[in-house]
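My structure is below; once you've seen it, I'll send some questions.
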Amino acid sequence: MSGARGAGPALVALLLAASVLSAALLAPGDSPERGAEAAPPRDLDKKKHVELKMDQALLLIHNELHGTNMTVYWNSERCYHCLFQILVNVSWSGKPGKPSIAAVALSTQHGSLLQLNDTLEEKEICSLDDFHNWISKAINSRETDRLINSELGSPGRAGSIGGEAQQEAWHPPSALPRLRSIDTFRGLALILMVFVNYGGGKYWYFKHSSWNGLTVADLVFPWFVFIMGSSIFLSMTSMLQRGCSKFRLLGKIAWRSFLLFCIGVVIVNPNYCLGPLSWDKVRIPGVLQRLGVTYFVVAVLELIFAKPVPESCASERRCFSLRDIILSWPQWLFILLLESIWLGLTFFLPVPGCPTGYLGPGGIGDLGKYPNCTGGAAGYIDRLLLGDDHIYQHPSSAVLYHTKVPYDPEGILGTISSIVMAFLGIQAGKILLYYKDQTKDILIRFTAWCCFLGLISVALTKISENEGFIPINKNLWSISYVTTLSSFAFFILLILYPIVDVKGLWTGTPFFYPGMNSILVYVGHEVFENYFPFQWKLEDNQSHKEHLTQNIVATALWVLIAYILYKKKVFWKI
């Protein structure tokens, strides 16, 4: 609490009453986060009932200031440089000695800032900034759930880009072993995605960050992109070694990319009970759509510059240390050019009504100076090329920053960054193949990439959520987001590869099974999300415990389905 400026003892009493009562009077119900039920004070008997939802507390404000009408404003500690918003007006009762009372509900998830102003004179009386674990987003949990984007990556199974064998100048080495660590990693990300999309127990850290920063939900999509890159290289190399022509592979790549894009459009535009969907409102970008475009670009890039894996490197231990990078110098030049385009457009493209190089959320962020500038150049390009009606209408920034313009987290400009991340996944695949049976060399390179990308993230973000040169941002798919999540991905492979593939200490169960059938699990969990037994009516819809139980059961059912399909050798491949 920062203390009152120019206020007397009555104001101190007001602040104490507000802080004590708001902490003491928690919402009734079965949620483990709430305390025991408390009867409302008699002063509230004649007040309108305040319905408390999950993770909310009751804040009572007593106005004992003679002849003063107050306006209480709020802001969230998570809302960076945001305008204060009106919470409630508390008028003087008109009777000396009898305080007027206002009751409002506040969530207990994040810290909140409160400010008291004189309503008539519009001047600040005092501010309170010590409300630990509160947040200002006063929206119901169902609306928040709608703001969670579906997230999926595309598994590129080794040998899945089939074709008739045609003899070429590729040496036919021994068949490439299937790496269970890759499928395990993919399955881990998939199961996490299913749990998050089903609600994650309604906990805030299983929902996407409103703008800058990371939550658990923000990890899933980039990991799929990374693993897709690794699988593309291993699969393509296997096909070429078996004599499949590049022309036939190109046809397979184009067809698979087209299918991913089309399935994605269907998935993000559900209209099962509302009648035909108008074409002028169809959302064009989406997770599978971005995966389809990313897959096409990186696969064609690798196909054009594909080279046989030298037998000497696959079988001997004397391979120069940078072979996996030097042999790919044309691809690296292309990727660096793409990233330069992202940086140039992001920081130098003029956006009408917005500052050049703007990376903020718009809305009430930046003190409300740029309300319609959500996403800067990324949002502008989508609205210009696709139109407002064909991009996502309820971005996560609307929760905290109250943005009004549509913004798509899977938009056009961010696709460049996903291509970069998929190519880093290809780099991991090349390490696994070029240094096959050389565990020490593989682990050294995984460690080097993990540290190198991590250092880039440190430099770009200054180890800060909002104050860095380029903050970590899933909505923008900023370059720091790509380097950070790629660093995490290399670290996970650093752990999984020796445990699963080298030592055999863990088979990858249960994540291995959904990792082998990820397209089917993804489409299935989206289509049947609202059907029993994946969802049922809860006794207390405001209980974390009941939501968590339901979401765990639904996720476990998809693991079981994936296991049964694996045993029956049923795989859905595109």
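The values are calculated or read from the model by the stated rules, or taken from the named source; none is laboratory data. Small disclaimer: the values here were computed from a predicted structure and weren't measured. Glycine gets a Cβ as well: all are built from the backbone with ideal geometry, and neighbour counts include every protein chain shown. SASA here: full protein model, heavy atoms, side chains in, ligands and nucleic acids out. Shrake-Rupley method; radii C 1.70, N 1.55, O 1.52, S 1.80 Å.
Could you list, in sequence order, all residues of the stretch 232-257 that are among the hydroxyl-bearing types (Ser, Thr, Tyr) and either within 24 Å of ARG290 (Cα to Cα) or in contact with a His (Cβ under 6 Å, 6 or more places away or on another chain) (or both)?
Correct list: SER235, THR237, SER257.
Could you tell me whether VAL482 is surrounded by fewer than 20 Cβ atoms within 10 Å (Cβ to Cβ), in a helix (DSSP H, G or I) and in contact (Cβ under 8 Å) with a residue 60 or more places away in the chain?
Judged against the criteria, VAL482 is not a match.
Moving on to the next point. Please go through the stretch 445-475 and give me each residue that is open to solvent by 40 Å² or more (accessible area, probe 1.4 Å) and either more than 30 Å from TYR407 (Cβ to Cβ) or out of contact with any strand residue (DSSP E or B) (no Cβ under 6 Å at 6 or more places or on another chain) (or both), ordered by number. Let's see the steps before the verdict.
If we filter the stretch 445-475 for residues that are open to solvent by 40 Å² or more (accessible area, probe 1.4 Å), which is where we start, we get 447-448, 451-452, 455-456, 458-459, 462-463, 465, 467, 469.
Residues satisfying the conditions are THR447, ALA448, CYS451, PHE452, LEU455, ILE456, VAL458, ALA459, LYS462, ILE463, GLU467, PHE469.
A follow-up question, please. List the residue pairs whose Cβ atoms are under 8 Å apart, where the first residue sits in the stretch 403-423 and is in a loop (DSSP other than H, G, I, E, B), the second is surrounded by fewer than 24 Cβ atoms within 10 Å (Cβ to Cβ) and among the hydroxyl-bearing types (Ser, Thr, Tyr), and the two are 6 or more positions apart or on different chains.
PRO406/TYR392; TYR407/TYR392; ASP408/TYR392; PRO409/TYR392; GLU410/TYR392
Further, regarding this structure: What's the number of the condition HIS394 fails, among (1) in a helix (DSSP H, G or I); (2) of a type outside the set (Val, Ile, Thr); (3) open to solvent by 10 Å² or more (accessible area, probe 1.4 Å)?
Among (1) in a helix (DSSP H, G or I); (2) of a type outside the set (Val, Ile, Thr); (3) open to solvent by 10 Å² or more (accessible area, probe 1.4 Å), HIS394 violates only (1).
Could I ask something else about it? Output the number of residues of the stretch 420-444 satisfying the condition of being under 30 Å from ASN372 (Cα atoms) and either open to solvent by less than 10 Å² (accessible area, probe 1.4 Å) or acidic (Asp, Glu) (or both). I'd like the intermediate steps shown before the answer.
The first filter runs over the stretch 420-444 and keeps only residues under 30 Å from ASN372 (Cα atoms), leaving 420-421.
If we keep only those that are either open to solvent by less than 10 Å² (accessible area, probe 1.4 Å) or acidic (Asp, Glu) (or both) as well, we get 421.
Qualifying residue count for the region: 1.
Based on what the data block shows, is VAL458 assigned to a helix (DSSP H, G or I), of a type in the set (A, V, I, L, M) and out of contact with any helix residue (DSSP H, G or I) (no Cβ under 8 Å at 6 or more places or on another chain)?
yes
Condition check ((1) within 18 Å of PRO409 (Cα to Cα); (2) assigned to a helix (DSSP H, G or I); (3) open to solvent by less than 70 Å² (accessible area, probe 1.4 Å)) across all residues:
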{"position": "GLN331", "(1), (2), (3)": "no, yes, yes"}
{"position": "GLY344", "(1), (2), (3)": "no, yes, yes"}
{"position": "CYS354", "(1), (2), (3)": "no, no, yes"}
{"position": "GLY363", "(1), (2), (3)": "yes, no, yes"}
{"position": "LEU367", "(1), (2), (3)": "no, yes, no"}
{"position": "ILE381", "(1), (2), (3)": "yes, yes, yes"}
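Then there is this: Taking into account only those residues within the stretch 453-475 that are out of contact with any Ser or Thr (no Cβ under 8 Å at 6 or more places or on another chain) and touching a residue at least 12 places away in the same chain (Cβ under 8 Å), which is nearest to GLY357 (Cα to Cα)?
Ranking the candidates gives ASN466 first.
When residues of the stretch 238-263 are filtered for being within 12 Å of ALA299 (Cα to Cα), open to solvent by 10 Å² or more (accessible area, probe 1.4 Å) and more than 31 Å from the chain's Cα centre (by Cα), how many remain?
Within the stretch 238-263, residues that are within 12 Å of ALA299 (Cα to Cα), open to solvent by 10 Å² or more (accessible area, probe 1.4 Å) and more than 31 Å from the chain's Cα centre (by Cα) number 3.
Taking the options ASN269, ASN197, name whichever one is under 26 Å from ASN517 (Cβ atoms) and free of Cβ contacts under 8 Å to residues at least 24 places away in the same chain.
Values: ASN197 fails: free of Cβ contacts under 8 Å to residues at least 24 places away in the same chain.
One residue alone meets the criteria, ASN269.
Can you go through VAL266, VAL293, VAL298 and tell me which one is modelled with pLDDT under 90 and either open to solvent by less than 30 Å² (accessible area, probe 1.4 Å) or assigned to a helix (DSSP H, G or I) (or both)?
VAL266
Also, quick follow-up: Could you check, for the stretch 530-546, whether at least one of its residues is free of Cβ contacts under 8 Å to residues at least 60 places away in the same chain, open to solvent by less than 30 Å² (accessible area, probe 1.4 Å) and part of a loop (DSSP other than H, G, I, E, B)?
Yes, the stretch 530-546 contains a residue that is free of Cβ contacts under 8 Å to residues at least 60 places away in the same chain, open to solvent by less than 30 Å² (accessible area, probe 1.4 Å) and part of a loop (DSSP other than H, G, I, E, B).
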